[in-house]
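A.B. asks: The structure under discussion is supplied below as structure tokens; questions concerning it will follow.
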Amino acid sequence: MEWVYQLRNVIVERSKGGASFRLTIPEFHIPRGSFTAIVGQSGCGKSTLLDILGLVLSPSSADTFNLISRYGESFEIPGKSAKDLAQIRRHHLGYILQSGGLMPFLSVAGNILLARMLNPKTATDPEKTEELVFRLGLEDHLKKKPSQLSGGQRQRAAIARAVAQNPEIILADEPTGSVDKYTAAKIRDLLLQCAREQDIAVLIVTHDESLVSGIADATYSFELAQGGEGDLRSVLRKVA
């Protein structure tokens with residue numbers, strides 16, 4: 001099995017205003033082309049985990065924390081400079097946020113084109129990108145700005161942008177949080193389809209366990225424990 005991420009005994013410690021939070025990741029592997037779900041309510045560690053995987057937060061310690069590209073390159077994340085991490089994010093990670101995360105001053109076409117321009121060597125070719133646009137039903141919305149789109153349309157545009165970049169993994173942070181259940185299921189299915197057809201790993205973070213139950217290849221949640229006063233500890237556990 002080919003891995004995109006390999007994490008073992010990764011610990012993150014944060015403190016603010018006398019309160020402390022400790023997230024422990026005993027073992028967490030994400031296979032290429034997989035659909036992995038992280039579920040849990042606010043405050044359990046979902047955002048911290050996403051910051052770690054998105055390479056915007058450095059772990060306090062780690063036995064193993066590697067990202068492996070489809071070309072066999074293995075990046076040991078601990079100790080990398082901010083410049084190196086920015087390069088890895090640019091070339092290997094795709095993002096979908098709850099609001100879509102699109103550039104508000106660019107059209108849908110401009111957002112997709114920008115993603116391809118940032119990664120010209122690995123981006124999907126123009127024909128596949130055009131096919132993706134039609135598959136996502138965006139052909140009539142290419143000239144629109146994000147503010148002119150519905151919530152579901154913004155998320156579909158964000159999926160098109162992320163897939164056009166052809167990253168190793170797409171990190172989707174509550175991508176269905178602002179849409180109805182029917183649209184949420186369609187967005188989930190589109191992400192699952194991308195994982196299978198494009199061989200891109202997809203990690204979806206959600207508070208709605210029913211959205212991914214029986215569908216995700218693996219589901220993880222958090223085991224919470226209260227330490228001393230103002231001390232919260234969370235451990236990532238595989239649940240399915």
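Derivation of every value follows stated rules applied to the coordinates shown; laboratory data play no part. Only a predicted model underlies this, so the values are computations on that prediction, with no experimental measurement involved. Methodologically, a virtual Cβ is constructed for each residue, glycine included, from the backbone with ideal geometry; neighbour enumeration extends over all protein chains shown.
A.B. asks: If you keep only loop residues by DSSP, which GluC sites (Glu not before Pro) in region 189-240 have at most 14 other Cβ atoms within 10 Å of their Cβ?
C.D. replies: Glu229
A.B. asks: What is the calculated FRET efficiency for Phe105 to Ala240, with r their C-beta to C-beta distance and R₀ = 35 Å, to the nearest 0.05? All intermediate terms of the calculation are to be shown ahead of the outcome.
C.D. replies: On the way: r = 41 Å, r/R0 = 1.17.
Efficiency, rounded to the nearest 0.05: 0.30.
A.B. asks: Please go through region 89-122 and write out the trypsin sites (Lys or Arg not before Pro) that DSSP classes as loop and that have at most 16 other C-beta atoms within 10 Å.
C.D. replies: Filter output for region 89-122: Lys121.
A.B. asks: Calculate the FRET efficiency for Ser20 and Glu76 from the Cβ-Cβ distance with a Förster distance of 30 Å, rounded to the nearest 0.05.
C.D. replies: E(calc), rounded to 0.05, equals 0.65.
A.B. asks: Under 10 Å, Cα contacts only: if you run a Gaussian network model on the chain, which one of Val205, Val133, Val163 comes out with the highest mean-square fluctuation?
C.D. replies: Val133
A.B. asks: May I pose another question? Let me have the 222 nm mean residue ellipticity of the chain computed from DSSP H runs of 4+ only, each contributing -39500 (n - 2.57), with the sum over all residues rounded to the nearest 500.
C.D. replies: Per the formula, -9500 deg cm²/dmol.
A.B. asks: For region 146-215, what class follows from the C-alpha gyration tensor (a ≥ b ≥ c being the square roots of its eigenvalues): rounded when a/c is under 1.5, otherwise prolate if a/b is larger than b/c, else oblate?
C.D. replies: Judged from the Cα gyration tensor, region 146-215 comes out oblate (a/c at least 1.5, b/c at or above a/b).
A.B. asks: Can you run the Rg to Rh ratio on region 3-238? Use alpha carbon positions and the Kirkwood inverse-distance Rh.
C.D. replies: So for region 3-238, dividing Rg by the Kirkwood Rh gives 0.97.
A.B. asks: Return the sequence-ordered ³J(HN,Hα) values of region 193-209 in whole Hz as given by the Karplus equation 6.51 cos²θ - 1.76 cosθ + 1.60 applied to θ = phi - 60°, using x for Gly and Pro.
C.D. replies: The phi angles translate into 4, 5, 4, 6, 7, 9, 6, 9, 5, 10, 10, 10, 9, 8, 8, 9, 5 Hz.
A.B. asks: Let me ask something else. Taking 0.36 nm per residue of sequence separation and subtracting the Cα-Cα distance, how much length would be gained by fully extending the chain between Met117 and Lys181, in nm to one decimal?
C.D. replies: Extra length available between Met117 and Lys181 comes to 19.7 nm.
A.B. asks: Let me ask something else about it. Highest mean first, how do 22-30, 138-146 rank when packing is the count of other Cβ atoms within 10 Å averaged over residues?
C.D. replies: 22-30, 138-146
A.B. asks: Using the basic label-point model (7 angstrom from Cα toward the beta carbon), what is the Ala86 to Glu13 distance in nanometres?
C.D. replies: Taking the simple label geometry, Ala86 and Glu13 are separated by 2.9 nm.
A.B. asks: What is the Cα centroid distance between region 31-59 and region 130-157, reported in whole angstrom?
C.D. replies: 26 Å
A.B. asks: Across region 80-85, in residue order, what do the Karplus-derived ³J(HN,Hα) couplings come to in whole Hz, using 6.51 cos²θ - 1.76 cosθ + 1.60 with θ = phi - 60° and x for Gly and Pro?
C.D. replies: 5, 6, 4, 5, 5, 5
A.B. asks: How far is it, in nm, from the label point at Leu224 to the one at Asp125 when both lie 7 Å from their Cα along the line to the Cβ?
C.D. replies: 5.0 nm
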